[in-house]
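J.: Below is a structure I'd like to ask you about.
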Amino acid sequence: MKLYLTCLLLMMSVTTMAQQPDTVFLKNLIESHPELFSHILNHPTHNEVQILYTQIDRDENNVPHFKSYSYRLNGNHYFYPASTVKLPTAIFALEKLNELNIKGLTVKSTMITDSAFSGQTKVTKDSSSKNGLPSIENYIKKILLVSDNDAYNRLYEFVGREEINQKLKKYGLNGTRIIGRLAIGDRGDSTRHTNPIDFYDGKKLVYHKPALYDANDYPMHPENMIQGKGYLDRNDKLVMKPFDFSHNNIYPLADQQMVLKRLLFPESFPKDQQYNLTDDQYKFIYRYMSMWPTENKHPTYSPPDYYPAYCKWLFYGGDSLAVINPHIRIFDKIGDSYGYDIDNAYIVDFKNKVEFMLSAVVQSNDDEIYNDNKYEYKTVCLPFMKNIGQLIYQYEIKREKQYLPDLKKFKFRY
C-alpha cells in the first residue's frame with residue numbers, strides 16, 4: 001500500500017509538472033530581439049507583460065496535442081481584463097438559450113430589454129440589425145466583430161451575474177469573476193441587479209426573464225489591485241490617490257486561453273466539461289470571431305472607424321493600413337482599458353498549415369494617472385502585440401511537424 005501511494009504521488013507530481021508552461025523559451029526569444037522588445041525589457045515593471053503561447057501538434061488522426069510556454073505568467077498578478085470578459089458571457093448566453101429549451105426562443109428572437117432599477121437601460125430597437133430589432137444573435141455578432149460594449153451589457157443582463165459566475169466555477173475558471181457591465185460606470189449595488197427582458201417570436205411573447213438580484217459576493221485578492229498615483233473622478237477632478245481595482249472584473253490570462261481552447265477544441269475535454277452548444281452555435285462563433293468587420297453586412301462596419309485588422313492585435317497591431325494576409329485568420333477576443341491591451345487568439349495559416357494559440361497582456365501608463373486617456377497604446381502596447389505575434393508566427397512557419405493539421409473545421413466563406 002505504501003509503495004502504491006508513493007507511485008501515485010510520483011505520477012501526480014509528474015502530471016503536475018507536465019502541465020506547467022515552459023518559462024525559458026519565450027524569455028530567451030524576447031531577449032534575443034532587443035530591437036523589438038527593449039522598451040519592455042528595460043521598463044521597471046516590464047509593462048506588466050504576461051504571455052502564454054501554446055503549440056498545437058496533431059497526431060495521425062488530426063487530434064490536437066498542446067504544449068505551452070509562458071513569459072511572466074502569474075494568475076495572482078492582477079490586470080484589468082476589459083472587453084475580454086465578453087467572450088465567456090456570449091458563450092453562456094447561448095448555453096442559457098439551450099438550457100431554457102423553450103419553443104420559439106432562439107438567437108434570432110426579438111429581445112426587448114426593460115428596466116427595473118436605477119441606472120438600467122431600456123432597449124427596444126437595434127438599428128445595426130437587418131430587421132432593426134435587437135436579438136442575442138446580433139449582440140454576439142457585435143461583440144465578436146468590434147467588441148461592442150452595449151452588446152455585452154445586454155447579454156450580461158440576460159444571463160445574470162450569479163449564473164455567469166456559477167458557469168465560471170463549473171468550468172474550473174476559479175481565478176475569474178465577472179461582476180459588472182462595461183463602460184457605463186457600473187458600480188456597487190447596480191452590478192447585482194439585472195434587467196427584466198422579454199423575448200418574442202414575431203409578436204408572440206415566448207419568454208419573460210424577470211429582473212434578478214445577485215446577493216452573492218465574489219471576494220478575490222490578487223496582488224496589484226491598487227495601482228498608480230492618481231485618477232480623474234467622474235467630475236474629471238484629479239484625485240491624488242492610487243486607483244483601486246478591487247471591485248472590478250478579474251480574468252487571468254491562463255483562464256482566458258482555457259476558455260478559448262475549450263471553445264475551439266471541445267473534443268479535447270471530457271463531455272461534462274464541454275460547453276453546452278450545438279454544432280451550429282460553435283460554427284456561428286467561429287465564423288464571426290474570425291471575420292474581418294468590413295466583411296459583414298448586418299451590422300455594417302466600414303472605414304475609417306473600422307478596418308479589416310480592427311481588433312486583431314496579435315498579428316496586425318491595430319494598424320488601419322495593414323495589408324491582410326489572405327491565408328491567415330485570427331480567432332480572438334481583445335480588450336483595452338486603463339492602459340492595458342489584451343488579446344487572446346488562435347491564429348491559423350491555411351496555406352502553410354500553421355496553427356497556434358497566443359494570449360498576451362501589456363500595459364503602458366507612464367504618468368500613473370488613471371482615467372485621463374493618456375495611455376501609450378499606439379507607441380508601446382500595440383507595437384508589442386504585433387511584434388510578439390509576428391515573431392511567434394515566423395517561428396511556427398519553420399517549426400517541423402510530424403503531421404500537418406487538417407484545418408477545414410475553421411475555414412469559412414465570408
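J.: So which of 86/411; 142/204; 96/386; 167/409; 96/241; 122/241 end up more than 30 Å apart by C-alpha?
T.: 96/386; 96/241; 122/241
J.: Once R0 is set to 60 Å, what does the formula 1/(1 + (r/R0)^6) return for the Cβ-Cβ distance between residue 43 and residue 297, expressed as a FRET efficiency to the nearest 0.05?
T.: 0.90
J.: Quick test of the membrane-span-like rule: which DSSP H helices of the chain reach at least 24 Å along their long axis (C-alpha atoms) with mean Kyte hydropathy at least -0.5? Don't skip to the end; give the middle numbers.
T.: On the way: long enough: 2-19 (26 Å, 1.20); 382-398 (25 Å, -0.04).
Qualifying helices: 2-19, 382-398.
J.: At a Cα cut-off below 16 Å, give the aspartates and glutamates reachable from residue 170, other chains included and same-chain residues fewer than 8 away excluded.
T.: Of all the aspartates and glutamates, those that pass the test against residue 170 - Cα under 16 Å, at least 8 places apart if same chain - are 95, 99, 162, 255, 272.
J.: Rounded, prolate or oblate: which fits the chain, taking a ≥ b ≥ c as square roots of the Cα gyration tensor eigenvalues, rounded meaning a/c under 1.5, else prolate when a/b beats b/c?
T.: Taking the square roots of the gyration eigenvalues as a ≥ b ≥ c, the chain is rounded.
J.: Related question: Once the piece of chain linking residue 169 and residue 351 is laid out straight, how much longer is it, given 0.36 nm per residue of separation minus the C-alpha distance between them? Walk me through the numbers before you get to the answer.
T.: Working: separation 182, 0.36 × 182 = 65.52 nm, distance 3.84 nm.
61.7 nm is the gain from fully extending residue 169 to residue 351.
J.: Moving on to the next point. With a/c under 1.5 counting as rounded, go ahead and sort the range 202-315 into rounded, prolate or oblate using the C-alpha gyration tensor (a ≥ b ≥ c being the square roots of the eigenvalues; past the cut-off, prolate if a/b is larger than b/c, else oblate). Could the numbers behind the result be given before it?
T.: Values: a/c = 1.56, a/b = 1.35, b/c = 1.16.
Verdict is prolate for the range 202-315.
J.: If you don't mind, another one. Which value in deg cm²/dmol, rounded to the nearest 500, describes the helix-derived mean residue ellipticity at 222 nm for the chain, given -39,500 (n - 2.57) per DSSP H run of n ≥ 4 and division by the residue count?
T.: Mean residue ellipticity, 222 nm, calculated: -9500 deg cm²/dmol.
J.: Ignoring ligands, DNA and RNA, what percent of the 1.4 Å accessible area of the chain is carbon and sulfur?
T.: Ligands and nucleic acids excluded, carbon and sulfur give 52 percent.
J.: May I pose another question? For residue 408, give me every one of the lysines with a C-alpha distance below 16 angstrom, ignoring sequence neighbours fewer than eight places off in its own chain.
T.: Candidates past the 8-residue exclusion: 283, 351, 353.
J.: Turning to a different aspect of this structure: Along Cα→Cβ, 7 Å out, is where each label goes; now give me the distance between the ones at residue 224 and residue 267 in nm to one decimal.
T.: Result for the modelled spin labels: 3.7 nm.
J.: If you don't mind, there's one more thing I want to ask. What order do 306, 346 take when sorted by accessible area (1.4 Å probe), most exposed first? If you can, show how the numbers build up before the last one.
T.: Values: 306 65, 346 0 Å².
Listed by decreasing accessible area, they come as 306, 346.
J.: Of the peptides 362-373, 144-155, 44-55, how do they stack up when ordered by the mean number of other Cβ atoms within 10 Å, highest first?
T.: Listed from highest to lowest mean packing, they are 144-155, 44-55, 362-373.
J.: Suppose R0 equals 35 Å; then what is the FRET efficiency for residue 59 and residue 324 from their Cβ-Cβ distance, rounded to the nearest 0.05?
T.: 0.65
J.: Report the relative contact order of the chain, percent, no decimals, based on alpha-carbon pairs under 8 angstrom and at least 6 residues apart.
T.: 19
J.: Stretched out fully, how many nm does the piece from residue 274 to residue 397 gain, at 0.36 nm a residue minus the Cα gap? Can you show the working numbers first?
T.: Numbers: separation 123, 0.36 × 123 = 44.28 nm, distance 3.05 nm.
That pair, residue 274 and residue 397, stretches by 41.2 nm at full extension.
J.: While we're here: Given labels modelled 7 Å from the Cα in the Cβ direction, how far is it in nm from residue 367 to residue 183?
T.: Calculated label separation equals 2.3 nm.
J.: What whole-number distance in Å separates the alpha-carbon centres of the range 193-255 and the range 299-320?
T.: 27
J.: Per residue, how much accessible surface does the chain expose to a 1.4 Å probe? Answer in Å², no decimals.
T.: That works out to 47 Å² for each residue.
J.: List the aspartates and glutamates whose Cα sits under 12 Å from the Cα of residue 203, skipping any in the same chain fewer than 8 residues away.
T.: none
J.: Rounded, prolate or oblate, given the Cα gyration tensor of the range 185-249, with a/c below 1.5 counting as rounded?
T.: prolate
J.: Taking 0.36 nm per intervening residue step and subtracting the Cα-Cα distance, what contour gain separates residue 76 from residue 24 on full extension? Let's see the in-between values first.
T.: Working: separation 52, 0.36 × 52 = 18.72 nm, distance 1.99 nm.
Full-extension gain reported as 16.7 nm.
J.: Out of the DSSP beta bridges found with both residues in the chain, what percent are antiparallel (nearest 5)?
T.: That works out to approximately 95 percent antiparallel.
J.: Sticking with this one: Identify, among 381, 174, 159, the residue whose Cα sits farthest towards the positive end of the charge dipole of the chain, taking +1 on the Cβ of Lys and Arg and -1 on the Cβ of Asp and Glu, with the dipole about the Cα centre.
T.: Value: 159.
The values are calculated or read from the model by the stated rules, or taken from the named source; none is laboratory data. Owing to the predicted nature of the structure, the values given are computational and were not obtained by experimental measurement. Here the Cβ is made from the backbone with ideal geometry for all residues, glycine too, and neighbour counts use every protein chain on show. Each accessible area value is taken on the protein alone, full model and side chains, heavy atoms only, with ligands, DNA and RNA left out. Shrake-Rupley method; radii C 1.70, N 1.55, O 1.52, S 1.80 Å.
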